1. Do you know which residues across the stretch 211-228 are surrounded by fewer than 21 Cβ atoms within 10 Å (Cβ to Cβ), in contact with an Asp or Glu (Cβ under 9 Å, 6 or more places away or on another chain) and over 13 Å from D188 (Cα atoms)?
2. Taking the conditions exactly as written (modelled with pLDDT of 90 or more, in a helix (DSSP H, G or I) and either in contact with a His (Cβ under 8 Å, 6 or more places away or on another chain) or under 30 Å from A54 (Cβ atoms) (or both)), does R176 satisfy them or not?
3. Quick one: T80 ticks every box in (1) polar (S, T, N, Q); (2) over 23 Å from L215 (Cβ atoms); (3) not assigned by TED's automatic domain parsing to the domain that holds E207 except a single one, so which number is it?
4. Looking at (1) touching a residue at least 40 places away in the same chain (Cβ under 8 Å); (2) aromatic (F, W, Y); (3) under 17 Å from A177 (Cβ atoms), which is the only condition Y238 fails?
5. Being surrounded by fewer than 20 Cβ atoms within 10 Å (Cβ to Cβ) and in contact with a helix residue (DSSP H, G or I) (Cβ under 9 Å, 6 or more places away or on another chain), is that true of even one residue in the stretch 234-246?
6. Would you point out which residue out of R171, R261 is in a helix (DSSP H, G or I), at pLDDT 90 or above and out of contact with any Pro (no Cβ under 8 Å at 6 or more places or on another chain)?
7. Identify the residue in the stretch 93-115 that is of a type outside the set (D, E, K, R) and more than 20 Å from V191 (Cα to Cα) and, among all such residues, is surrounded by the most Cβ atoms within 10 Å (Cβ to Cβ).
8. Within the stretch 58-74, is there a residue that is over 19 Å from the mean Cα position of the chain (by Cα) and touching a residue at least 12 places away in the same chain (Cβ under 8 Å)?
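The values are calculated or read from the model by the stated rules, or taken from the named source; none is laboratory data. Keep in mind it's a predicted model, so treat the numbers as computed, not measured. Glycine gets a Cβ as well: all are built from the backbone with ideal geometry, and neighbour counts include every protein chain shown.
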Amino acid sequence: MINDAAEPKENVLLSVRDLAKFYTLKRGAFGTDSAIVKALDGVSLKLKSKETLAIVGESGSGKSTLGRVIMKLNEPDRGTIEFMGEDITDYSRRQMRSVRRNMQMVFQDPRSSLNPRMTVEAIVSEPLEVHGKLQRREIREKVKDLIELVGLVPGSLQRYAHEFSGGQRQRVAIARALALEPRLIVADEAVSALDVSVQAQVLNLLERLKSEFSLSYLFISHDMSVVEYFSDRVAVLYLGRIVELASTKDVFTNPQHPYTRALIAATPVVDPRREGRTKALEGEIPSPLSPPSGCPFHTRCPIAVAKCRECAPQLVELAPSHFVACPEV
């Protein structure tokens, strides 16, 4: 288990304990049968101030659900969420209004997250008008500064989202997220839809803003090469559970869980010395409607033994701040 005493409390911005999210799926011709989908099943993690924690895994692993539950866009079914020392687990939408000044989200597709009927100025102004106490003139000045900060020209203010490229739209989304000067930004696949060259520009922008605004990022991604470049620590998620949690350096130089090794092996590399070190992962992630018994990864694991089918392993600290959920490592 993750040691709560390992990190000074004042340095912890976000603390999630035993977080679970279940969905009921109706089946049958008349919807009389139902099944429980465990999108998250006992996730615990901490995010330190001014840190970037990456959440990685295949599609269906629960990454986006984790981000949305932490943001309280979806309610958890179990567990606790502490943010800036406050337990916000049971906060109502009204109570969350003040919290949202300090936690914002950047989504994967800015085309769908930006209102097509609003100008850039209106989009970035909206959080300031809802939450702030600035005069109209002050809001306009701040919006102009934010647009320039993310690398767009002031002439962009009266344009609409569809008039921009994907990278430019994501810059608008970042400006909107920064408007209230939050402490935490949840970035859900924020660069995955962009061209590689544009990805690098947006990542460099996020890194610069992290320093200027003392930001912390929960960085959700499936791209291990981006994660290696951008994050401080990595949590590897599989079927709603964390299977490895460690510093980025440890994850990429000394991965312990076979799933982590497979994710890294599947990442395209130009260094022939790294190629083929680990066999790429075979098969698809099981359906959360009928997850495997015991360790959820045992159906695809190259080192699985009989006991892996019987009980789900817990996260164990194999080395300082390096947690793994696998009895065979």
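1. F213
2. Details: modelled with pLDDT of 90 or more: yes; in a helix (DSSP H, G or I): yes; either in contact with a His (Cβ under 8 Å, 6 or more places away or on another chain) or under 30 Å from A54 (Cβ atoms) (or both): yes.
In short, yes.
3. Failing condition for T80: (3).
4. With respect to (1) touching a residue at least 40 places away in the same chain (Cβ under 8 Å); (2) aromatic (F, W, Y); (3) under 17 Å from A177 (Cβ atoms), Y238 is out only on (3).
5. The answer is no, given that none of the residues of the stretch 234-246 is surrounded by fewer than 20 Cβ atoms within 10 Å (Cβ to Cβ) and in contact with a helix residue (DSSP H, G or I) (Cβ under 9 Å, 6 or more places away or on another chain).
6. Of the residues listed, the single one that is in a helix (DSSP H, G or I), at pLDDT 90 or above and out of contact with any Pro (no Cβ under 8 Å at 6 or more places or on another chain) is R171.
7. V99
8. Our first condition is that a residue be over 19 Å from the mean Cα position of the chain (by Cα); within the stretch 58-74, this holds for none.
Looking through the stretch 58-74, none of the residues is over 19 Å from the mean Cα position of the chain (by Cα) and touching a residue at least 12 places away in the same chain (Cβ under 8 Å).
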